[in-house]
1. Given a cut-off of under 8 Å on Cα pairs at least six residues apart, what relative contact order in percent is computed for the chain?
2. Using a/c under 1.5 as the rounded threshold, could you call the stretch 3-84 rounded, prolate or oblate? The axes a ≥ b ≥ c are square roots of the C-alpha gyration tensor eigenvalues, and prolate needs a/b larger than b/c, oblate otherwise.
3. Return the single residue from Val232, Val194, Val240 with maximal mean-square fluctuation; model: Gaussian network over the chain, springs between Cα atoms under 10 Å.
4. Near the amide H of Arg189, under 5 Å away, which other amide H atoms are found, from residues 5 or more places off or on another chain, if H is placed in the peptide plane?
5. Once you list every other residue whose beta carbon is under 15 Å from the beta carbon of Leu73, what net charge do they have if Lys and Arg are +1 and Asp and Glu are -1?
6. Taking the Cβ of Leu230 as the centre, find all other residues whose Cβ is under 14 Å away and add up their charges (Lys, Arg: +1; Asp, Glu: -1).
7. Among the lysines, select those whose C-alpha is under 22 Å from the C-alpha of Lys52, and discard any that sit fewer than 8 residues away in the same chain.
8. Ignoring everything except DSSP H segments at least 4 long, calculate the 222 nm mean residue ellipticity for the chain; use -39,500 (n - 2.57) per segment, divide by total residues, nearest 500.
Amino acid sequence: MDEERFQAYLSLIQELLSCTSGKQPEVLNSHQDLVDGGLVQMMQQVAEWLAKEGNKDNAEFLTNVAGQLAKTLGLSSTSPTSSQLPTADSQFNFLMEVLRATAKSKGNPQVVYPLLQTNLDQIDDNLAVLLRDWATAKLAEVEPELARRIAIDIVNFSTLIQEFPRGSRATNLEIAMTGYEVVGTVFTRKAFPVDWATTQNNLGNTYGNRIKGEKADNLEAAITAFQAALQVRTREAFPVDWATTQNNLGNAYSDRI
């Protein structure tokens, strides 16, 4: 499933959930190019997540729509299951599982890395898209304290996958970068200056090591992030962190094109 179609599925599902009752067939008819087994699969995954979050009404609605579409498409005579779908994609469930493991273990690599190792097939560029879409929506809808806890888990996961020695190094860095960027709505300089500075430093390291994109652009982004971190990580207030970020900044300048 390519990134553009993945995002299109999520947008269509959101449109179905937010439209006026009875308008769902009209919405689906206007997006016939997206009505396929992949959409059914994505509906099931979102429904499972909604159910776990306690949003039973929307979960039941999506499950019913997925069942109706599956019958129409000839995928199943009853409510579809993942094994019946031609484009089974369990990335959403995997993302939720790895974030729960990260939260429960407080970012312990001995707990999280085996989970990543056994799910290497789930770690691709679509996972970064899914993380961004889910986290953006989730962090905006929950109470500030819960948003902070979720943001901490995302940062811990991003740090772990940034250093994960298996799979695609380029992809791992993209996922980490996405995590650091998406928590910016919670870890602002004003509300959480220390967390903000730490995230900026981590983001700078990710851009500095980034494989995708233009190297010159990545280095400029890294320098900008390190300079931002130093606004909080001063020599007087945080001498060790200041020295670390200064060293990172120096390395970025030495590689600058």
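Bear in mind these aren't lab numbers, they're just calculated from the coordinates by the rules spelled out. This one's a predicted model, so the numbers in the text were calculated from it and none came from an experiment. So basically every Cβ, Gly included, is an ideal-geometry build from the backbone, and we count neighbours across all protein chains shown.
1. On the way: 284 pairs, mean separation 29.8, N = 257.
Dividing the mean separation by the residue count of the chain yields 12 percent.
2. Details: a/c = 1.24, a/b = 1.02, b/c = 1.22.
Verdict is rounded for the stretch 3-84.
3. Most flexible of the set in this elastic network: Val240.
4. none
5. On the way: positive: Lys71; negative: Asp33, Asp36.
After counting each charged neighbour, the total is -1.
6. Details: positive: Arg189, Arg233, Arg235; negative: Glu236, Asp241.
My count for the surroundings of Leu230 gives +1.
7. Lys104, Lys106, Lys138
8. Working: 12 runs with 179 residues, N = 257.
Using -39500 (n - 2.57) per qualifying helix, the result is -23000 deg cm²/dmol.
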